[in-house]
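Heads up: the structure comes next, in structure tokens.
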Amino acid sequence: MQSDPLPFARLMGINVISVEPDLVVGELKVRDDLCTRPAVLHGGAVMAFADTIGAIATVANLAGGMTTTTIESKTNFFSAIPLGDTARAECSALHKGRTTMVWQTKITRGDGKLAALVTQTQLVMPMKS
């Protein structure tokens with residue numbers, strides 16, 4: 001039996017739109033259970049959304065037998081995303097090295113306004129057997 005490769009992404013409701021080596025795009029419908037008060041997407045949900053999309057981008061670039069984990073993440077928040085809206089993540093490579101990869105994820109609201117900008121570093125390491 002093979003395990004679900006993205007159980008947390010499924011729990012959050014992340015919809016992966018496209019995966020390319022230099023750009024991953026995803027969407028997240030803002031539901032009440034992902035909100036803080038007033039009814040806007042919780043900052044932790046924004047960060048988890050970006051982290052998941054960045055991890056997918058890294059995995060899309062891994063050599064066989066390698067895995068990844070986030071070792072650093074920084075988020076700047078610019079505007080709230082209200083309940084019922086859809087957050088869109090566009091994750092692009094800043095650096096794709098042998099031992100680390102750095103990704104920048106732009107999160108926008110349905111009206112196109114920038115909501116957050118996340119920069120994260122992913123460690124690339126051999127899978128443990």
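The table below lists the values:
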{"item": "Residue count, the stretch 63-81 (criterion: within 14 Å of residue 124 (Cβ to Cβ) and open to solvent by 40 Å² or more (accessible area, probe 1.4 Å))", "result": "9"}
{"item": "Selection count, the stretch 1-22, where residues are surrounded by fewer than 10 Cβ atoms within 10 Å (Cβ to Cβ), modelled with pLDDT of 95 or more and of a type in the set (Asp, Glu)", "result": "0"}
{"item": "Selection count, the stretch 82-101, where residues are part of a strand (DSSP E or B) and open to solvent by less than 30 Å² (accessible area, probe 1.4 Å)", "result": "4"}
{"item": "Filter pass, residue 25 being open to solvent by less than 50 Å² (accessible area, probe 1.4 Å), assigned to a helix (DSSP H, G or I), farther than 15 Å from residue 121 by Cα and in contact (Cβ under 8 Å) with a residue 12 or more places away in the chain", "result": "no"}
{"item": "The one condition in (1) exposed (fewer than 12 other Cβ atoms within 10 Å of the Cβ); (2) closer than 20 Å to residue 90 by Cβ that residue 33 fails to fulfil", "result": "(2)"}
{"item": "Among the candidates 45, 60, residue that is open to solvent by 20 Å² or more (accessible area, probe 1.4 Å) and either at pLDDT 95 or above or under 18 Å from residue 117 (Cβ atoms) (or both)", "result": "60"}
{"item": "Residue list for the stretch 102-129, filter: within 12 Å of the chain's Cα centre (by Cα), under 18 Å from residue 40 (Cα atoms) and open to solvent by 40 Å² or more (accessible area, probe 1.4 Å)", "result": "106, 117"}
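The values are calculated or read from the model by the stated rules, or taken from the named source; none is laboratory data. Keep in mind it's a predicted model, so treat the numbers as computed, not measured. Neighbour counts are summed over all protein chains in view; Cβ atoms, including those assigned to glycine, are modelled from backbone coordinates with ideal geometry. To get the accessible areas, we keep the full protein, side chains included, count just its heavy atoms, and leave off ligands, DNA and RNA. Shrake-Rupley method; radii C 1.70, N 1.55, O 1.52, S 1.80 Å.
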